Amino acid sequence: MTTPPTPSAAAAGLAAAILLASPLPSSAGDWVPAWMASPQPVWSSDFLFPTDVPATLKNRTLRQVARIGIGGSAVRIRLSNDDGRSAVRIAAAHLARSTGGMAIEAASDRALTFDGAREGTILPGASLLSDPVDMAVSAGEDLAVSLYFAEETSIETFHWDGRAESRLVDGPHVSDAELPPGETVTQRLFLSDILVDTPEAKGTVVVLGDSITDGAGATLGADTRWPDFLATRAAPRGIAVVNAGISGARLLSDRMGTNALARLDRDVLAQPKIGALILMLGINDIAWPGTPFAPDEPPMTFERLTAGYRQITARARANGIRIVGATLTPFAGALPGTPLEATYHSAAKDFLRQRINDWIRTSRTFDAVIDVDRLLVDPADPMRLRPAYDSGDRLHPGDAGNKAMADAVDLDTIFGDLP
């Protein structure tokens, strides 16, 4: 018969277990997101827009360059397979400073590991966080992430509108200072986050939005989305600003990306040191019904949309996060020359947009409001974008409009008392 342990022996065993579990892992630190591309599911071939994902990744290297918004003393990346149904094996991953285009600074090249291993597997529906590498980086630096795929790999998770060119080449070239010629890719594949260790960071601000936030009207490869400009203004204050925009995103419905209520936990609440959320969503909820995007959807209603906003604000506040609402910009005449031109905008849709904007301004649902509608509207026509701020498609601001949006943010109101 086994003699039960005495209470003192049991207590000693528990203490030993606690002591064994208590040391902090080597990856502990003051991590904040320095760059982000929200994952979205790859849609089917019958959708209006093609995905343009590569036909194959087998025995190929993908190099993606991203400009970080805040600096630190160490770096790690997160890879996402959120919408994948099969595992993704990363045969090798490297991080380095970009010297322009796809070239890297050889002396800065670091092999990334995952739990100490040079290879990593992103499970279906999951993400994979790399081990940290010591690398002093500054706000505004371009970092190159190179991934090698040895075997056939399904691409079921991506970020469609990457606003930058990446390169896919045959063979293992993760540490090459200069990549050979290859296939140009404008989507972000698997790379979802770059994080930096920054003890001085006061907090993180996430901008949750659609294509206006994602930068559809911004110059390709120039990092001129409005959250980019805002990150530049905020970095000297120790504030990390990251872009959780998805082109085609909606507050209440899926298609080009998961609805905001469903992705709030991953894209906002899970961000380290999260202090504030800027919400700029709703144009696609209003505009899509009755278009080739959503021909059978009923018109959006004021009650449904405001209920969605209130749910976002309630969940943010429950997590101690300041919530900032942004008004919806005008879009009359949007997307000329496309199948959406005739149905994307209407007087009824614009009436709802303006009613929603009045509610955002006056309902006190949000802790603060950024009135981008009044900033970008054409004084001669309240349904249209000001020509100087229009990218040319009458929906998305161009670089000048994006800078004006970021410059209009009162940093003291939004960031002033973040811990």
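Assorted remarks:
- Entirely in region 21-119, the strands (runs of 3 or more DSSP E) that have 1 or more residues that are of a type in the set (S, T, Y) and over 18 Å from M135 (Cβ atoms): 60-67, 72-80
- Test: residue in region 293-300 that is closer than 19 Å to M383 by Cα, over 19 Å from the mean Cα position of the chain (by Cα), at pLDDT 95 or above and of a type in the set (D, E): no
- A177 touching a helix residue (DSSP H, G or I) at 6+ places or on another chain (Cβ under 8 Å), touching a residue at least 12 places away in the same chain (Cβ under 8 Å), surrounded by fewer than 22 Cβ atoms within 10 Å (Cβ to Cβ) and assigned to a loop (DSSP other than H, G, I, E, B): yes
- Here A326 does not fit the description of being among the hydrophobic types (A, V, I, L, M, F, W, C) and without any contact (Cβ under 8 Å) to a residue 24 or more places away in the chain.
- For region 309-330, a tally of residues being within 12 Å of L279 (Cβ to Cβ), touching a helix residue (DSSP H, G or I) at 6+ places or on another chain (Cβ under 8 Å) and surrounded by fewer than 19 Cβ atoms within 10 Å (Cβ to Cβ) returns 2.
- Pairs meeting the criteria (first residue in region 119-132 and at positive phi, second residue outside any strand (DSSP E or B), beta carbons under 9 Å, at least 6 apart or on different chains) are G125/N81; G125/D82; G125/D83; G125/G84; G125/R85.
- Hey, M102 touching a Leu at 6+ places or on another chain (Cβ under 6 Å), modelled with pLDDT of 95 or more and under 24 Å from N243 (Cα atoms) or not: yes
- Enumerated strands (runs of 3 or more DSSP E) restricted to region 181-290, each holding at least 2 residues that are without any contact (Cβ under 8 Å) to a residue 24 or more places away in the chain, open to solvent by 10 Å² or more (accessible area, probe 1.4 Å) and not polar (S, T, N, Q): none
- Search result, residues across region 75-85 that are closer than 16 Å to P272 by Cβ and surrounded by fewer than 19 Cβ atoms within 10 Å (Cβ to Cβ): R78
- The set of residues in region 144-173 being open to solvent by less than 30 Å² (accessible area, probe 1.4 Å) and either under 28 Å from A107 (Cβ atoms) or of a type in the set (K, R) (or both) consists of A144, V145, S146, L147, F149, G162, A164, S166, L168, V169, G171.
- If the condition is being of a type in the set (A, V, I, L, M), more than 20 Å from T99 (Cβ to Cβ) and under 18 Å from the mean Cα position of the chain (by Cα), then region 33-78 contributes M36, A37, V42, I70.
- Selection within region 346-372 - within 27 Å of the chain's Cα centre (by Cα) and crowded, with 21+ Cβ neighbours inside 10 Å: R353, I356, N357, I360, F366, I370, V372
- Among the residues of region 373-382, those identified as farther than 25 Å from A316 by Cβ, surrounded by fewer than 18 Cβ atoms within 10 Å (Cβ to Cβ) and not acidic (D, E) are P379, A380, P382.
- Candidates G333, G398, filtered to the one that is open to solvent by less than 70 Å² (accessible area, probe 1.4 Å), within 27 Å of the chain's Cα centre (by Cα) and at pLDDT 95 or above: G398
- When every residue of region 58-73 is checked against the conditions, none turns out to be within 30 Å of T153 (Cα to Cα) and modelled with pLDDT under 95.
The values are calculated or read from the model by the stated rules, or taken from the named source; none is laboratory data. Not measured: the values here are computed from a predicted model. Note that each Cβ is placed from the backbone with ideal geometry, even for glycine, and that neighbours are counted across all protein chains shown. Accessible surface areas use protein heavy atoms only, side chains included; no ligands, DNA or RNA. Shrake-Rupley method; radii C 1.70, N 1.55, O 1.52, S 1.80 Å.
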